[in-house]
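Trainee: Just passing along the structure, written as structure tokens.
The values are calculated or read from the model by the stated rules, or taken from the named source; none is laboratory data. In this text the structure is predicted, and so the values were computed from the model without any measurement. Positions of Cβ are backbone-derived with ideal geometry, glycine not excepted, and every protein chain shown enters the neighbour counts. When the accessible area is computed, the model is the full protein with side chains, heavy atoms only, and any ligands, DNA or RNA have been set aside. Shrake-Rupley method; radii C 1.70, N 1.55, O 1.52, S 1.80 Å.
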Amino acid sequence: MRFCSIASGSSGNCIYVGSAATHLLVDAGISGKRTKEGLERLGVKAEDVDGIFITHEHADHISGLGVMARKYGTPIYGTRGTLEAIRQSATVGRIDESLFREIRADEKVRVKDLTLNPMRISHDAAEPVAYRVSHGRKRLGIVTDLGCYNDYTVECLRGMNALLIEANHDVNMLQVGPYPYYLKKRILSDRGHLSNELSGKLLSRLLHDGMQTVVLGHLSKENNLPELAYEAVRVEIILADNEYQPGDFPIRVAHRSEVSEIIEIA
């Protein structure tokens, strides 16, 4: 199994997950053209995508969904609340109802040789989820847009071999930055986004000997820097009460608007 961030950030999100037989996207929050070009860089044709799994209905996760669905007839997977919100979205446009596939949190969905298991997250959307993907014994977690985490979150993500996890903002940058108060309050709330520090604390609870790689994603353009996210997460791992150190596994930062390197899960 392999995965790659085609785009990850506040302005657009699109993650590729695949095997030799199966090609999937998690979110389609960039233009159809950029999605197609990103897939081609990975050696995948857009028409060969077997499904798009949507985390929630915010524009930075669905803005290219309508084009992909209408042009390639790609099935769209989402919770009932998410699919209903997509139907009501003026920016997505009309989508053939036959392409929608309803899913539920904690109920597995199989697409060819990949199995996806949605999990509940805390975010200000209709019915948001994150995804765990497995291929045989290989396990990947894609977890962004969560304002907080709890024991359920930790239990869902135990045993992952790779994680793409949100490190959205530096709290100080956000507090002194140009955003209006209501938006700062939303981002910092339990239904907003994970800060760099909280991302590191969550990650520290998930480390185990089988962890192969970590990718920090969904960085804010205005309220974060890749270097800040990277260092803040490393510090939290160092401070955590466990046996692991930041150098025990690769930590990467996903580009906001560029295709990242493809990562093979061994």
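Trainee: Give me a count of the residues in the stretch 32-70 that are more than 24 Å from I262 (Cβ to Cβ) and either part of a strand (DSSP E or B) or open to solvent by 10 Å² or more (accessible area, probe 1.4 Å) (or both).
Mentor: Result for the stretch 32-70: 4.
Trainee: If you don't mind, another one. Which condition number in (1) in a loop (DSSP other than H, G, I, E, B); (2) among the aliphatic types (A, V, I, L, M); (3) more than 20 Å from C156 (Cβ to Cβ) is the one that A105 fails?
Mentor: With (1) in a loop (DSSP other than H, G, I, E, B); (2) among the aliphatic types (A, V, I, L, M); (3) more than 20 Å from C156 (Cβ to Cβ) applied to A105, the lone miss is (3).
Trainee: In the stretch 122-147, what count of residues is obtained for those that are farther than 18 Å from E84 by Cα and either assigned to a strand (DSSP E or B) or open to solvent by less than 50 Å² (accessible area, probe 1.4 Å) (or both)?
Mentor: 16
Trainee: Now for a separate question. Name every residue in the stretch 71-81 that is touching a Lys or Arg at 6+ places or on another chain (Cβ under 7 Å) and either among the hydroxyl-bearing types (S, T, Y) or surrounded by fewer than 22 Cβ atoms within 10 Å (Cβ to Cβ) (or both), in order of residue number.
Mentor: P75, Y77, T79 - these are the residues of the stretch 71-81 that are touching a Lys or Arg at 6+ places or on another chain (Cβ under 7 Å) and either among the hydroxyl-bearing types (S, T, Y) or surrounded by fewer than 22 Cβ atoms within 10 Å (Cβ to Cβ) (or both).
Trainee: So for the stretch 6-25 (the condition being out of contact with any Pro (no Cβ under 6 Å at 6 or more places or on another chain), more than 21 Å from L164 (Cβ to Cβ) and in a helix (DSSP H, G or I)), does at least one residue qualify?
Mentor: Within the stretch 6-25, none of the residues are out of contact with any Pro (no Cβ under 6 Å at 6 or more places or on another chain), more than 21 Å from L164 (Cβ to Cβ) and in a helix (DSSP H, G or I).
Trainee: Tally time: how many residues in the stretch 148-157 are over 22 Å from A254 (Cα atoms) and open to solvent by 30 Å² or more (accessible area, probe 1.4 Å)?
Mentor: Residues that pass the stated criteria total 4.
Trainee: Which condition does A90 not pass, out of (1) at pLDDT 95 or above; (2) surrounded by fewer than 17 Cβ atoms within 10 Å (Cβ to Cβ); (3) not basic (K, R), if it passes all the others?
Mentor: If we test A90 against (1) at pLDDT 95 or above; (2) surrounded by fewer than 17 Cβ atoms within 10 Å (Cβ to Cβ); (3) not basic (K, R), just (1) comes out false.
Trainee: All but one of (1) open to solvent by 70 Å² or more (accessible area, probe 1.4 Å); (2) in contact (Cβ under 8 Å) with a residue 40 or more places away in the chain hold for A85; state the number of the condition that does not hold.
Mentor: That leaves (1) as the condition not met.
Trainee: Is it true that R205 is closer than 19 Å to A130 by Cα, open to solvent by 50 Å² or more (accessible area, probe 1.4 Å) and under 18 Å from the mean Cα position of the chain (by Cα)?
Mentor: Details: closer than 19 Å to A130 by Cα: yes; open to solvent by 50 Å² or more (accessible area, probe 1.4 Å): yes; under 18 Å from the mean Cα position of the chain (by Cα): no.
In short, no.
Trainee: Would you pick out the residues in the stretch 253-266 that are open to solvent by less than 70 Å² (accessible area, probe 1.4 Å) and either free of Cβ contacts under 8 Å to residues at least 12 places away in the same chain or not in a loop (DSSP other than H, G, I, E, B) (or both)?
Mentor: V253, I263
Trainee: Let me ask something else about it. Any residue in the stretch 148-162 that is farther than 19 Å from L207 by Cα and of a type outside the set (D, E, K, R)?
Mentor: So far as the stretch 148-162 goes, no, none of its residues is farther than 19 Å from L207 by Cα and of a type outside the set (D, E, K, R).
Trainee: Still on this structure, please answer the following. Quick check, is E166 surrounded by fewer than 21 Cβ atoms within 10 Å (Cβ to Cβ), at pLDDT 95 or above and of a type outside the set (S, T, N, Q)? Break it down into steps so the answer makes sense when it comes.
Mentor: Numbers: surrounded by fewer than 21 Cβ atoms within 10 Å (Cβ to Cβ): no; at pLDDT 95 or above: yes; of a type outside the set (S, T, N, Q): yes.
Here the answer is no, as E166 does not meet what is asked.
Trainee: Still on this structure, I have one more. If a residue has to be loosely packed, with under 15 Cβ neighbours inside 10 Å and either in contact with a helix residue (DSSP H, G or I) (Cβ under 8 Å, 6 or more places away or on another chain) or under 17 Å from V143 (Cα atoms) (or both) to count, how many in the stretch 223-238 make the cut?
Mentor: Counting residues in the stretch 223-238 that are loosely packed, with under 15 Cβ neighbours inside 10 Å and either in contact with a helix residue (DSSP H, G or I) (Cβ under 8 Å, 6 or more places away or on another chain) or under 17 Å from V143 (Cα atoms) (or both) gives 2.
Trainee: If you check D48 against the conditions, is it within 22 Å of L163 (Cα to Cα) and among the acidic types (D, E)?
Mentor: In short, no.
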